[in-house]
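Taking it in order: structure first as structure tokens, then the write-up.
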Amino acid sequence: MENTLNSLFRLTKIYHYFLYANNIFDFLQIQYLCILYVITCKQTGFLKKLVFIITFALWAFPLFSQKRKVQHQPYADHKLYHFGFHVGLHAQDLILTNNGNITPGGETWFAEIPGYSPGFSVGVIGDLFLNPYMNLRLTPTIHFGDKTIYYKESTSEEEIKVGIRSNYLSIPLDLKISSVRLNNCRPYIIGGVYGAIDLGRKKGNELLLKPIDYGFEFGFGCNIYMRFFKLAPEIKFKFGLADILDKNRDDLNNETDKIFTDALSKATTRMVVLTFNFE
């Protein structure tokens, strides 16, 4: 009951900012509140809460504008194609499936990622006009980041920390669906598929991941029309579909290091990305 009341209080606060926002700084504060709410959500019911946030935000957003203002770049969205770039932050995650493998020494190790460290993202944008409300977007992006995996032995509770640096070159193809423009703001949702290659992969690490990944992504954002360009804060959630755990560890000289790979049966990627698009 306490968690439910706390969630309702947070969503009411977000709604309040949507109701009275009238400039870019107010919208950035709303983005921050949404991110904070998503990050602090418990894993159970995560997608349900996330969909509720997006629906709530897009429903309340038209209340932004009670007065008509001069529109900047009124024909910016009618170009057949245009280009841009984006920069931002992200957090990498792995969904690890432990198999309960018992080593020759009688040990059983379990792995988890208890926390996240922020990474840096940068990329370019290619946008193709389909109709007044839909665009096709290609956004090659490099994500510089790392993950720290903690292995714990079930009996002795001994802990070993394994770090993995991953620099993903991701190439998403997304469909962007925009709402009606409201003065100098235009919210949208976006989703599609992506392929990725890990440029930072190094053999010899305790745990090795395959270099190729693919999956789907979705998110939301808002175009803010400035005098000379468009700024769009955007949040994306990426879900890998491939099993990227490399079980062929012929590169290891020490057989005891194979316990880190043998303890797992599957690993898939997850990523949350906050970018600021300049178009």
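Here the range 139-158 is scanned for amide nitrogen atoms under 15 Å from the site 7 Å beyond the Cα of Thr103 along Cα-to-Cβ, giving 150-158. The relative contact order of the range 131-279 comes to 18 percent, based on Cα pairs under 8 Å that sit 6 or more residues apart. Apolar share of the accessible surface for the range 69-147: 68 percent from carbon plus sulfur atoms, 1.4 Å probe. In a DSSP loop and with at most 13 other Cβ atoms within 10 Å, the trypsin sites (Lys or Arg not before Pro) in the range 119-223 are Lys202, Lys203. So which of Lys176/Lys236; Lys161/Lys247; Lys176/Lys238; Lys79/Lys176; Lys176/Lys266; Lys161/Lys236 end up more than 22 Å apart, counting from Cα to Cα? Going by Cα-Cα distance, Lys176/Lys266; Lys161/Lys236 fall outside the 22 Å limit. Sort out for me the Cα centre separation of the range 208-279 from the range 71-143, rounded to whole Å. So the two Cα centres are separated by 6 Å. Annotation: per residue accessible area for the range 131-264 equals 46 Å², rounded to a whole number [probe 1.4 Å, protein chains only]. Expressed as a whole percent, the accessible surface of the range 211-268 that belongs to carbon and sulfur atoms is 56, based on a 1.4 Å probe.
Classify the range 127-246 from the C-alpha gyration tensor, please: rounded if a/c falls under 1.5, else prolate or oblate depending on whether a/b exceeds b/c. Note, shape of the range 127-246 comes out prolate.
Among the GluC sites (Glu not before Pro) within the range 128-159, those in coil by DSSP and having at most 16 neighbouring Cβ atoms inside 10 Å are Glu157, Glu158.
The values are calculated or read from the model by the stated rules, or taken from the named source; none is laboratory data. Just so it is clear, the structure is predicted and the values come from calculations on it, not from any experiment. Quick reminder, even Gly has a Cβ in these numbers, built from the backbone with ideal geometry, and neighbours come from all protein chains shown. These accessible areas exclude ligands, DNA and RNA; they are computed on the full protein's heavy atoms, side chains included. Shrake-Rupley method; radii C 1.70, N 1.55, O 1.52, S 1.80 Å.
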